[in-house]
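Supplied in structure tokens, the structure appears directly below.
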Amino acid sequence: AQSVTQLGSHVSVSEGALVLLRCNYSSSVPPYLFWYVQYPNQGLQLLLKYTTGATLVKGINGFEAEFKKSETSFHLTKPSAHMSDAAEYFCAVMNTGNQFYFGTGTSLTVIP
Amino acid sequence: DAGVTQSPTHLIKTRGQHVTLRCSPISGHKSVSWYQQVLGQGPQFIFQYYEKEERGRGNFPDRFSARQFPNYSSELNVNALLLGDSALYLCASSPGPMDRAPYNEQFFGPGTRLTVL
């Protein structure tokens with residue numbers, strides 16, 4: 001069965017510091033991979049996705065993620081955190097069976 | 001341009017009742033997916049519909065059903081409500097089916113908050 005693991009349910013960083021949110025997936029076949037952000041009382045917004053091709057994916061708001069097949073990882077990074085980045089972040093995987101799996105989420109706090 | 005819309009915004013039901021949630025996709029999108037998000041957890045995939053046909057189903061009981069109409073809007077129905085069905089129900093639309101990149105990017109609506117008492 002497909003699964004997505006997000007290490008760290010809560011991450012705190014100082015404003016201007018590096019953001020690193022971890023995501024590992026279990027799959028025998030490289031799936032489609034996604035990162036979504038959810039602000040309080042709002043729906044999910046796509047940050048970036050990996051389907052095929054270049055393994056370093058750039059998204060909106062300065063975020064990027066690298067697909068590493070050997071590590072089955074798709075970690076999300078941003079060089080410099082901004083106060084507006086405080087939100088809940090979800091990693092997601094789509095398998096070949098047309099099923100979509102979300103991780104449990106990581107709450108990002110940005111400290112001024 | 002209007003995004004994905006869902007109605008109602010909030011809903012309160014009692015155990016055993018039935019509920020219908022509605023979703024209108026972005027204009028031109030032919031795929032709608034439904035998710036359940038329990039407080040403090042990630043969304044759980046319920047269904048995907050594309051061109052009015054079910055294309056994917058998550059691990060939910062038969063009390064959950066859905067359909068897609070000719071105008072691509074969709075309804076999620078839940079029968080015999082349980083306390084554990086209390087959650088935020090999210091609808092997402094995409095131009096194409098999940099397995100057809102790049103047309104599978106999902107755009108989410110704000111959700112319907114269902115409370116079962």
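GluC sites (Glu not before Pro) within the stretch A:12-112: which are DSSP loop residues with at most 16 other Cβ atoms inside 10 Å?
Of the GluC sites (Glu not before Pro), the ones in loops of the stretch A:12-112 whose Cβ has at most 16 other Cβ atoms within 10 Å are A:GLU15.
Only residues of the stretch B:1-27 count here: report those whose backbone N is under 14 Å from the spot 7 Å along Cα→Cβ of B:THR115, or say none.
Of the residues in the stretch B:1-27, B:9-15 have backbone N under 14 Å from the label point off B:THR115.
Sort largest first and round to whole Å: the equivalent ellipsoid semi-axes of chain B, each the square root of five times a Cα gyration tensor eigenvalue.
One finds semi-axes of 23, 14, 13 Å for chain B.
To continue, here is another question. When all C-alpha to C-alpha distances in chain A are sorted into bins of 10 Å, what percent of pairs does each bin hold, rounded to whole numbers?
With 10 Å bins starting at 0, P(r) equals 15, 50, 29, 6, 0.
Which value in Å does the Kirkwood hydrodynamic radius of the protein assembly as shown take, with 1/r averaged over all unlike C-alpha pairs and then inverted?
One over the average 1/r among Cα pairs gives 18.0 Å for the protein assembly as shown.
Given R₀ = 41 Å, what would the calculated FRET efficiency be for A:THR5 paired with B:ASN71, taking r from the Cβ atoms and rounding to 0.05?
Working: r = 39 Å, r/R0 = 0.95.
Computed FRET efficiency for A:THR5 and B:ASN71: 0.60.
Could you give the length gained by full extension between B:GLN17 and B:ALA80, i.e. 0.36 nm per residue of separation minus their alpha carbon distance, to one decimal place?
Answer, rounded to one decimal: 22.2 nm.
With a sphere of radius 14 Å drawn around the Cβ of A:PRO40, what net charge do the other residues whose Cβ falls strictly inside it have (Lys, Arg +1; Asp, Glu -1)?
Within the 14 Å Cβ shell, the charges total -1.
Taking θ = phi - 60°, what integer Hz values does the Karplus form 6.51 cos²θ - 1.76 cosθ + 1.60 yield along the stretch B:40-47, in sequence order, with x for Gly and Pro?
Running phi through 6.51 cos²θ - 1.76 cosθ + 1.60 with θ = phi - 60° gives x, 10, x, x, 10, 5, 9, 8 Hz.
Work through the residues other than B:GLU105 whose Cβ is under 14 Å from its Cβ and net out their charges, Lys, Arg +1 and Asp, Glu -1.
Residues near B:GLU105 contribute +2 overall.
At most 16 other Cβ atoms within 10 Å and a DSSP loop assignment: could you name the trypsin sites (Lys or Arg not before Pro) in the stretch B:61-117 that fit?
Sites meeting the loop and neighbour criteria: B:ARG63, B:ARG100.
For a quick check: with amide H placed at 1.01 Å from N, whose amide H comes under 5 Å from A:ALA87's, ignoring anything fewer than 5 positions away on the same chain?
Counting only residues 5 or more places away or on other chains, the set is A:LEU108.
Every read-out reported here was derived from the displayed coordinates using simple, explicitly stated rules and does not represent laboratory data. In this text, all values refer to a predicted model and were calculated from it rather than measured experimentally. Cβ atoms come from the backbone with ideal geometry, glycine included; neighbour counts cover every protein chain shown.
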